[in-house]
1. Looking only at residues that are surrounded by 11 or more Cβ atoms within 10 Å (Cβ to Cβ) and of a type in the set (A, V, I, L, M) in segment 309-336, which one is modelled with the lowest pLDDT?
2. Look through segment 289-304, keep the residues that are buried (at least 19 other Cβ atoms within 10 Å of the Cβ) and hydroxyl-bearing (Ser, Thr, Tyr), and return whichever of them is modelled with the lowest pLDDT.
3. Within segment 173-187, track down each residue that is surrounded by 20 or more Cβ atoms within 10 Å (Cβ to Cβ) and either outside any helix (DSSP H, G or I) or of a type in the set (Phe, Trp, Tyr) (or both).
4. Among the residues of segment 233-257, write down those that are at pLDDT 90 or above and in a helix (DSSP H, G or I).
5. Restricting attention to segment 315-322, does a residue exist that is in contact with a Phe, Trp or Tyr (Cβ under 8 Å, 6 or more places away or on another chain) and not charged (D, E, K, R)?
6. Restricting attention to segment 79-100, which residues are buried (at least 20 other Cβ atoms within 10 Å of the Cβ) and hydroxyl-bearing (Ser, Thr, Tyr)?
7. Return the residue satisfying two criteria in turn: it lies in segment 113-170 and is outside any helix (DSSP H, G or I) and touching a residue at least 60 places away in the same chain (Cβ under 8 Å), and of such residues it is surrounded by the fewest Cβ atoms within 10 Å (Cβ to Cβ).
8. Among the residues that make up segment 376-398, is at least one of them at pLDDT below 70 and within 21 Å of Pro443 (Cα to Cα)?
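The values are calculated or read from the model by the stated rules, or taken from the named source; none is laboratory data. Predicted model, so just to flag it, every value in this text is computed and none were measured. Positions of Cβ are generated from backbone atoms using ideal geometry, with glycine treated the same way; all protein chains shown enter the neighbour counts.
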Amino acid sequence: MKLLPAKGAATATPGEVSVAQPTVRWTVGSSLRSRPARYAAKVLILGAAYYGSAKAGQALRYTASVSAVWPPAGVGIAALYLWGPSLWPGVFLAELAVNGQLLDSLPVGSLIGQQVGNLAEVIVGAILLRRLIGPRATFERSEQVSGMILAIGIATAISATIGTVSMLAGGVIAGPEVPKFWRTWWLGDTAGGLVVVPLVVVWASRPAEAWRRIRTWEGALLIVAVTALASVAMSIDGPLTYVVFPALIWAAFRFGPAGTTLSIAITALVTIAATAHQSGPFFSQPIDHRTLATQVYIVVTAVTTLFLGALVAERTASSRALAEAERREGERAVEERHRIARDLHDSVSQALFSTALHTRTAERALEHDGAGSGSELRQSLSAIGELTKAAQTEMRALIFQLRRDAVEAGLVSAFAAHASSIRSTTGLRVSVQGPESRLPIQPRTEEELFAIGREALANVVKHARAHSATVRIEELPEGVSLMVSDDGRGFDATAAHPGHFGLESIRGRAAAIDGDLTIASTAGSGTTVRVEVPANGT
């Protein structure tokens, strides 16, 4: 037998009392006198919870001496894990009360060995839990579930070994019965620990959060579904034993540790109660097989559901971390754009301004010296002035783009604003067509598409000698397409164009977002640049 604190809620009250802050009216002496009282209250509550779980386990035993699952093992380990090993006297007192009722049926030496084994089980189990999974486990990581299984397996093996040896020494069992007796004891305590420990740890350490996950219509439906399916599985002798697993998977995906631990406990309770009341697929087997089948079923159910819940929680946490990383990356990109804009304004923009100023000064000096307007030097200076003015205009536009998120209002709106800027500075008519709703692509993909379209329009302005251009954005069944076309002079798209970095930039950006790029152009027939990208969420 193993007895451990089972009701995490019962021990929660003393935990809360222990952290209550003394008022200014308290004296040091009264505070010291109250500590033993609080400790005694916690010990008594733990003892009562442990004893109650032991009686519940005995009430659902299969025979007078066989209980498939021993809940006190999980109760004691969970309580000492949450509130400290110093509460072990509560387990000791409860063990005395339970074992005292067995004095007429078992030797005193065997009962002492059983009590020592059970006490060692809960203390070692709690200490191992703290070392393997930390003091505040949530069972949202697979390593925490693995650590809990290892700790419970080792602790219950200690109890099973000491208890089996004490029973053998007292003549309660014979030598050939030792392997089966040890296995039944170990699996019973292990099953009790796997069901009760995560339930108590999750619900007692964060009761408000756990209750919030369950107190919904979906949570109520989950409880009903788990209870109903577990009852069906234990009411029919046919191959429906694992019909409850869809509900357990539902709990793991939708309700986190609170839902998984509660569902496991309900499944175990229904299974044990049905078998103890002579129904279900396990009852028809011999008592040894019946006990083993029940224990293995509960262990498999608990381990599978706990691992699945942890993997789902890890996936959710990874998704959140990825989204947060992308958000931070976007913020850093905006900061970097602002920094580059400031540097360009303070360096290149000022240099262009100085160049224009010196050019005008040189032109005035030539005019003062009597150089005619047709002189080669004056024409060169005039060309330099025009080029500098154009560079200043492009630099101002670039700085403006760097200082804001161009696609913040959507890709279509960004192109509409850019088209207006092109028309005001160059006179080129640019028509923008596209849906008003947000496109089903990532913001980074929108930024790259905008950069591709902006580069294509820049090529139209510089090289096409076009009168108009069109930007068309379409939402396709499996993605988004961007098309930039013009009525300019076109070029040979099949020939190499060394030094045309705009085309290289377009190709590189399209490849970066897994886009399908097509450039169609012939001399005298204009150019069409088309990019298709797959939809990948908003």
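1. Among those residues, the one meeting the criterion is Val334.
2. Ranking the candidates gives Thr291 first.
3. Trp185, Trp186
4. Phe245, Pro246, Ala247, Leu248, Ile249, Trp250, Ala251, Ala252, Phe253, Arg254, Gly256, Pro257
5. No - not one qualifying residue is present in segment 315-322.
6. Tyr81
7. Selected residue: Arg136.
8. yes
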